[in-house]
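For reference, the structure is listed below as structure tokens.
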Amino acid sequence: MERLKQEMIKKNITQYQLAKLIGAKSNTVNNWFKGRAKCPRDNYLNKIAEVLGVHPAWLKYGDRDYAPTLKDEVMRIAEQMQSYTPETIKKI
């Protein structure tokens, strides 16, 4: 949970915002931070990793091979940008 907390602080995301972004109840997210639940289930873990731009294995296990790098972040953003249509860009 420490890695999750660190990434949320870096990205300025609250527990409430995280819950909304991943489609979870606020109580569910709160339970992770209070220690009532060990770790988010894989379905939530994958969504959290996507929101934070990190690898799920890094969040869950702390595997340094999956720690986010600047290159990873740039590649992730570039992939997201490819999916934007001209209409989407105008809305932004």
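Annotations for the structure displayed:
Conditions tested, residue by residue: (1) touching a helix residue (DSSP H, G or I) at 6+ places or on another chain (Cβ under 9 Å); (2) of a type outside the set (Phe, Trp, Tyr); (3) under 20 Å from GLN80 (Cα atoms); (4) open to solvent by 50 Å² or more (accessible area, probe 1.4 Å).
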site	(1), (2), (3), (4)
GLU2	no, yes, no, yes
ILE9	no, yes, no, yes
THR14	yes, yes, no, yes
LEU21	yes, yes, yes, yes
LYS25	yes, yes, no, yes
VAL29	yes, yes, no, no
GLY35	no, yes, no, yes
ALA49	yes, yes, yes, no
LEU52	yes, yes, yes, no
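- Residue list for region 1-56, restricted to those being acidic (Asp, Glu) and farther than 21 Å from VAL74 by Cα: GLU2, ASP42
- Inter-residue pairs, beta-carbon under 6 Å, first under 10 Å from ILE48 (Cβ atoms) and acidic (Asp, Glu) and in region 1-23, second modelled with pLDDT of 90 or more and surrounded by 14 or more Cβ atoms within 10 Å (Cβ to Cβ), 6+ apart: GLU7/LEU52
- Being open to solvent by less than 70 Å² (accessible area, probe 1.4 Å) and at pLDDT 90 or above is a property that ALA57 lacks.
The values are calculated or read from the model by the stated rules, or taken from the named source; none is laboratory data. Bear in mind that the values here come from a model prediction, so they are computed numbers and not experimental data. Ideal geometry is used to build each Cβ from the backbone, glycine not excepted, and the neighbour counts take in all protein chains shown. Protein only, heavy atoms only, side chains kept; ligands, DNA and RNA dropped before computing areas. Shrake-Rupley method; radii C 1.70, N 1.55, O 1.52, S 1.80 Å.
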